Amino acid sequence: MELEELKTAWGLYDKKIMSTQTITQKIIESMIKERSVSRVERLKKQYFGFFVLLIFEAGFMLAILFGNPFDFKYQIQFLPFLLLLMGIIVAFINLTQYYEKINTSLIDKNIGTFLHGILEFYEKNKTYEKWFGIILFSIGFLVPLSFLPPKIEKYGIQKALLDTAIPMLISLVLYFLAFKMGAFKKRHKENFKSDLDEYNELKGMSSELGESAI
């Protein structure tokens with residue numbers, strides 16, 4: 001009889017440990033989830049702002065291509081602006097994919113799975129974004145060349161080249177400073193990674209405590 005009572009007591013103790021561990025896991029998930037939801041909401045607002053900016057930029061490019069406000073005489077002068085418009089469209093599509101990825105309800109979703117999926121998506125797009133950024137920068141850098149022909153007619157080739165080189169150099173310096181200051185870093189990606197690392201660490205500690213209590 002004493003053996004049966006001991007087994008019953010041990011079973012109840014084991015259930016309490018399992019319940020405690022389950023509650024701890026839920027508290028950890030709730031804590032990380034609350035923080036991640038806050039990040040996602042801020043990111044949605046940021047992406048919405050980017051959508052508005054891209055639409056405005058696309059409209060500006062279309063106005064240049066069809067309205068010719070700078071009185072371009074040669075078709076090749078429109079080329080940088082056409083390429084920029086194509087880049088804006090690609091950026092809009094890519095941003096839409098990011099928005100769809102984060103625009104999900106986290107109420108009934110495992111936060112670990114969500115964070116892992118987000119980081120995996122960022123990782124897949126890392127190489128693409130790098131080359132896309134380089135190409136878009138190169139096109140923007142070449143925009144001053146669209147204004148070279150009228151400058152040659154007005155000032156002569158030597159002065160026109162110098163006058164064109166100055167804004168190109170300024171653009172290069174501004175891009176370099178922005179890069180050094182971290183303007184192109186995906187801080188939200190680092191934040192999501194930090195959340196996932198903390199989640200895994202706390203989850204591991206909870207499991208270790210549960211095992212040591214047995």
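The values are calculated or read from the model by the stated rules, or taken from the named source; none is laboratory data. These numbers come from a predicted model, not from an experiment. Keep in mind that these areas ignore ligands, DNA and RNA; they rest on the heavy atoms of the full protein, side chains included. Shrake-Rupley method; radii C 1.70, N 1.55, O 1.52, S 1.80 Å.
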Q: Kindly identify the range 113-182 as rounded, prolate or oblate by the Cα gyration tensor criterion: order the square roots of the eigenvalues as a ≥ b ≥ c, call it rounded if a/c is under 1.5, otherwise compare a/b with b/c, prolate if a/b is larger, else oblate.
A: prolate
Q. How much accessible area per residue does the range 38-91 have, in Å², with a 1.4 Å probe?
A. 65 Å²
Q: With 22 Å as the limit, write out which pairs from Lys33/Lys189; Lys33/Lys130; Lys44/Lys193; Lys130/Lys193; Lys130/Lys151 have Cα-Cα distances beyond it, or answer none.
A: Lys33/Lys130; Lys130/Lys151
Q) Per the 1.4 Å probe, what fraction of the accessible area of the range 65-143, in percent, lies on carbon and sulfur atoms? A) 66 percent
